[in-house]
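No lab work stands behind these numbers, since they all come straight from the coordinates. Please read all numbers here as calculations on a predicted model, not as lab measurements.
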Amino acid sequence: MDAAFRELQERLAEIADLGRAAGVLGWDQRTMMPSRGGEARAEALATVSRIAHERFVSPDVGRLLERLRPFEESLDYDSDEASLIRVARRDWEKDRRVPAELQAELTRAGSRGQTAWIVARAAGDFGSFLPYLKANLELKRRYIECFEPAEAPYDVLLDDFEPGMKTAEVREVFAVLRPALTEIVASAPAIDASFLQGDFPVERQEAFAREIVGRLGFEDDSWRLDPTHHPFCVSFGNRDVRLTSRYRGDDLESLWSTLHESGHGLYAHGIAASLQRSPLGHAPSLGLNESQSRTWENLVGRSLPFWRCFYPRLRELFPGQLGAVELDAFWRAINRAEPGLIRVDADETTYSLHIILRFELEQELVAGTLAPEDLPEAWNERMREFLGVEVPGDADGVLQDVHWSAGGIGYFPTYALGNVISLQIWEHVRRELPDLDAQLEAGELRGLGEWLRERIYRHGRKFTPKETLERAIGTQELDPQPYLAYLRAKTESLRG
């Protein structure tokens, strides 16, 4: 059995390497690639995706997995070896249903769509983007047809990002969130934040961001930070983490987008070395991954102890805008609940309303009850309904996010699930690190990172999302109440 297991390891390592190669191509496309390189990049990505898919779903891998059943049963469930076989089998049984050419076409269309989206968003021209959206939707419907009929067709797409989660479960959580969040927003006090708009030179923002990232716990020379159109993080191993941010010279939102992506990066950085070059070298779900980006962005990056340490440096960099603004006024402004147009700039309270809106629209697009041509109008109507905001144009509306251009349909709900999970984990962090506020105030961020790495990050994909959550906090159930209690308490503190 040792020989069979080693052969499986070698095959899976090669496939992981192909995935990393595709990841580098994708990172370059969104950071460095000349704008006219899109078509060639789409073909290159499609080729790598097809080859990786063919190698993984081959009958030889299936025979190895079958041969290793007795070996797997002899191992401890928590062992790296048993986890590798178990997760590889789950992935193989799912992926073998999808023809290699369809997988390549999904990748090709997603790459083309991203290039078209950049141009369309800059021009506010949904019409030019529409053919790419239609192509992605049609391919996703073909993808859904590869699987056994589900309770909801959207289940198939959701499972790609949140394995094992059903659409009905998400709806149940969101049915609790939406009315409660609407109530909290309505009761939130008005807070002056005018000083957060003005002259904030980009080079100083980037310098401050690098200072903060350098203190989060990354090993030296294991990460880099680059500008992009839409912030993201990707890793090619736990010592090659690529962070990105979007800088604007008239506000400071890049600070929180950088912390957000750093949360993703810390997760990748903390995955055990023994799990690299395998299917286990990733987070088990985007919901768990997003819980960490939201933790570092909001629970840390909007906290008063954090800014007691770092606000003097921020004022030093931007004396014209912040020199006369006291810490309490700054903290209140960055925590205000105020409906706005843009999801990535949204405060903690309104953010999940943006997600629920997208979740509803995605289901309707997949089901065919909403025509792609009618998406801008539907978007604008929901923005009025959910947030009371008028959308001035498609660039700040339906074109604001990259996800649909890349074929990432089913991704959006994981952001709000991540909000919920982040507070469930945070409750345990608070109990087990009673001096956390003092650590943050001293600028010591590594203690929190070490706790999270030991409880969550190091496991990678060894366990299902629910198993991973249970090992961290003792329950598999999603409970939105800690998240809502946190927001209510913050709203009251802002009012006071």
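Binned at 5 Å from 0, what are the whole-percent values of the Cα-Cα distance distribution for region 114-226, short to long?
The calculated distribution, bin by bin, is 2, 8, 9, 7, 8, 12, 19, 18, 11, 3, 1.
What is region 305-357's relative contact order, in percent, from Cα pairs under 8 angstrom and six or more apart in sequence?
The normalised contact order for region 305-357 reaches 21 percent.
Over all distinct alpha-carbon pairs, what is the Kirkwood Rh of region 2-149 in angstrom? Provide the component values of the computation, followed by the final result.
On the way: mean 1/r = 0.0579 Å⁻¹.
Every distinct Cα pair counted, the radius reaches 17.3 Å.
If you plug each phi of region 434-451 into the Karplus form 6.51 cos²θ - 1.76 cosθ + 1.60 with θ = phi - 60°, what whole-Hz ³J(HN,Hα) values come out, in order, with x for Gly and Pro?
x, 9, 4, 4, 5, 4, 5, 5, 8, x, 8, 9, 6, x, 4, x, 5, 4
If amide hydrogens are placed 1.01 Å from N in the peptide plane, which non-local residues have theirs closer than 5 Å to the one on residue 223?
Under 5 Å from the amide H of residue 223 lie the amide H atoms of 241, each far enough along the sequence or on another chain.
Which whole-Hz couplings ³J(HN,Hα) result when phi for each residue of region 205-219 is put into the Karplus expression 6.51 cos²θ - 1.76 cosθ + 1.60, θ = phi - 60°, listed in order with x for Gly and Pro?
Rounded to whole hertz, the list is 4, 5, 4, 5, 4, 5, 4, 5, 4, x, 9, 7, x, 5, 5.
Ordered by residue, what ³J(HN,Hα) values in Hz, to whole numbers, does region 235-252 give under the Karplus form 6.51 cos²θ - 1.76 cosθ + 1.60, where θ = phi - 60° and Gly and Pro are x?
Values per residue, Gly and Pro as x: 10, 10, x, 6, 10, 9, 10, 10, 9, 9, 8, 10, 10, 10, x, 10, 7, 10 Hz.
How high is the relative contact order of region 167-495, in percent, with contacts defined as C-alpha pairs under 8 Å that are six or more residues apart? Before the final figure, lay out the partial values.
Working: 467 pairs, mean separation 78.6, N = 329.
With pairs under 8 Å counted, the relative contact order is 24 percent.
Mean projection of the alpha-carbon convex hull of region 1-52 over all orientations, in nm²? Intermediate results must be reported in sequence, preceding the final value.
Working: hull surface 14.6 nm².
The directionally averaged projection comes out at 3.7 nm².
With everything on Cα atoms, drop me the angle between helix 38-56 and the longest principal axis of the chain, reported from 0 to 90° to the nearest 10.
Rounded to the nearest ten degrees, it is 50.
Rounded to the nearest 500, what is the chain's calculated 222 nm mean residue ellipticity when only DSSP H runs of at least 4 contribute -39500 (n - 2.57) each, over all residues?
My calculation for the chain gives -20000 deg cm²/dmol from helical runs alone.
Once every Cα of region 167-495 carries one equal point scatterer and solvent is ignored, give the base-10 log of I(q)/I(0) from the Debye formula at q = 0.07, 0.09, 0.10 Å⁻¹, two decimals.
Normalising to I(0) and taking log10 leaves -0.27, -0.46, -0.57.
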